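Enquirer: Quick one: this structure, given as structure tokens, is what I'll be asking you about.
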Amino acid sequence: MGESTAASGTVHWVGTGLSTGSGLALLCEQAERLVLWGRTDEQAAGTLDRLGLTGRAEARALTDDALADAMRPGDVLVSMLPATEHLALLRSAIDSGAHFACSSYLTPEIAQAATAAGAADLVVLTEVGLDPGIDHLMAHSLVQQAIAATGPAPGSAAFVSYCGGLPAVPNEFRYRFSWAPRGVLNALRSPARYVAEGIEQTAERPWEATREFVLDDETFEVYPNRDSMPYVAKYAFPAAWTVERFVRGTLRLAGWRAAWSAVFEQLTTGDEAQISALAADLATRYPTTPEDRDRVVLVVGLRLTGDDGVDWGGEYVLDLVGNDVESAMARTVSVPLAIGVGEVLDGRARPGLHQAATDDAVDRWLGRLRDLGIDCQFRALQPAAEREGTGR
């Protein structure tokens with residue numbers, strides 16, 4: 001596999017939903033041409049106006065034919081549509097000789113298509129938003145620091161990664177939808193795999209594994225999400241480490257499980273039609289309005305207890321509130337995605353599949369995020385003998 005196809009300088013950003021934010025402004029500075037595709041010209045133009053980008057990017061109405069006709073070799077296609085739409089867009093990008101990026105989790109189908117893209121010297125970026133995305137950067141950095149501090153000696157590792165989109169002002173539902181309610185419900189219906197007390201666990205109903213988690217004297221609720229197991233290898237845990245705890249999960253306000261008890265009952269007993277109706281009802285009862293302010297909290301921590309008595313621990317914390325221009329979720333998803341697209345535009349990204357950044361790119365990405373006001377703060381954890389009540 002050689003160098004990636006030279007970027008043309010044109011970026012097609014497809015989607016104007018809740019996660020489209022100031023990453024667009026960043027790309028207006030980096031790309032020679034930015035096209036924002038919405039359901040209608042007016043919708044795309046309205047998003048550009050809200051972000052102060054009128055005249056700096058083009059607004060277009062999305063149809064399959066219009067997008068395919070507009071793409072040229074070396075363009076970059078960014079999909080901000082629901083995850084079910086990514087594969088078709090990726091295939092369209094490959095047909096046009098264009099690179100591809102999205103913030104969603106990698107699927108086997110996307111991985112297979114990415115192999116063909118790599119063979120054509122095209123770049124495919126996935127998992128390059130908030131979670132997944134910024135959490136990966138934090139995890140890679142912690143593993144690198146732990147190895148640098150303790151060496152490759154045997155030890156026991158405990159790793160947690162929790163992220164949540166929350167209402168900045170707590171409400172009775174203890175939640176604010178930052179993506180489609182049906183997607184939230186489907187995620188809760190997916191079994192979660194993780195490691196606890198050195199044993200691989202499966203939570204068929206993830207909310208039933210909810211526990212308290214204290215961060216900076218504030219109590220949250222956390223539960224495992226999706227399949228954590230592949231990330232032990234993806235985060236390059238040394239073979240000498242014994243994994244005592246490894247969980248990637250979701251963070252919610254205290255009281256969330258109680259507030260959602262009726263939802264959980266319907267998820268347990270309802271059929272597909274009933275769950276679709278539930279999603280529609282939740283969207284109506286708890287709409288996201290421009291007056292809302294959201295809060296993003298992401299914490300990633302690693303503790304390594306060496307067989308030789310060495311005790312190292314560190315964590316990254318990101319805590320950000322939205323403003324009247326964009327939500328915290330839109331900012332923390334779109335900005336790292338734009339950074340990734342910038343790497344393609346600059347020719348830094350090699351052909352093939354990437355999941356956020358690894359190796360020497362991690363510090364560069366974290367530094368770039370910090371410069372852009374997304375400060376992922378690192379702090380050393382207290383030695384095990386001194387800490388108590390942290391939930392970590």
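Just so you know, all these numbers are worked out from the coordinates, no wet-lab data involved. Small disclaimer: the values here were computed from a predicted structure and weren't measured. Note: ideal-geometry Cβ built from the backbone for every residue, glycine included; neighbour counts use all protein chains shown.
Enquirer: If only Cα atoms are counted, what is the Rg of the stretch 214-361, and what is its Dmax, in Å?
Expert: Gyration radius and largest Cα-Cα distance of the stretch 214-361: 19.8, 57 Å.
Enquirer: A further question on this structure: The stretch 159-224: Rg/Rh from Cα coordinates, Kirkwood Rh?
Expert: We get a ratio of 0.98 for the stretch 159-224.
Enquirer: Could you compute the net charge surrounding residue 10? Neighbours are other residues with a C-beta less than 15 Å from the C-beta of residue 10; K and R count +1, D and E count -1.
Expert: -2
Enquirer: Return the sequence-ordered ³J(HN,Hα) values of the stretch 161-172 in whole Hz as given by the Karplus equation 6.51 cos²θ - 1.76 cosθ + 1.60 applied to θ = phi - 60°, using x for Gly and Pro.
Expert: In residue order, the calculated couplings are 9, 10, 9, x, x, 10, x, 4, 10, x, 10, 5 Hz.
Enquirer: List the chymotrypsin sites (Phe, Trp or Tyr not before Pro) within the stretch 230-259 that DSSP assigns to loop and that have no more than 11 neighbouring Cβ atoms inside 10 Å.
Expert: The qualifying sites: there are none.
Enquirer: For residue 379 and residue 39 in one chain, what is 0.36 nm times their gap in residues minus the Cα-Cα distance, to one decimal in nm?
Expert: Going from the current span to full extension adds 118.0 nm.
Enquirer: Tell me, in nm to one decimal, what length is gained between residue 115 and residue 72 on full extension, where the rule is 0.36 nm per residue of separation less the Cα-Cα distance?
Expert: 13.5 nm
Enquirer: Over the stretch 1-89, with a single point scatterer placed on each C-alpha, what log10 of the ratio I(q)/I(0) does the Debye formula yield at q = 0.15, 0.22 1/Å?
Expert: Reported log10 I(q)/I(0), two decimals: -0.54, -1.12.
Enquirer: Based on DSSP H runs of at least 4 residues, each adding -39500 (n - 2.57), what is the mean residue ellipticity at 222 nm of the chain after dividing by all its residues, to the nearest 500 deg cm²/dmol?
Expert: Rounded to the nearest 500, it is -10000 deg cm²/dmol.
Enquirer: Show the residues, 5+ positions off or on another chain, whose built amide H is closer than 5 Å to the amide H of residue 251.
Expert: The answer is 163, 164.
Enquirer: Now a separate question. What base-10 log of the normalised intensity I(q)/I(0) is obtained for the stretch 274-392 from the Debye formula, alpha carbons as equal point scatterers, at q = 0.15, 0.21 Å⁻¹?
Expert: -0.93, -1.15
Enquirer: Please express the shape of the chain as an equivalent ellipsoid: the semi-axes are the square roots of 5 times the eigenvalues of the C-alpha gyration tensor, given largest first in whole angstrom.
Expert: They are 33, 27, 19 Å, listed largest first.
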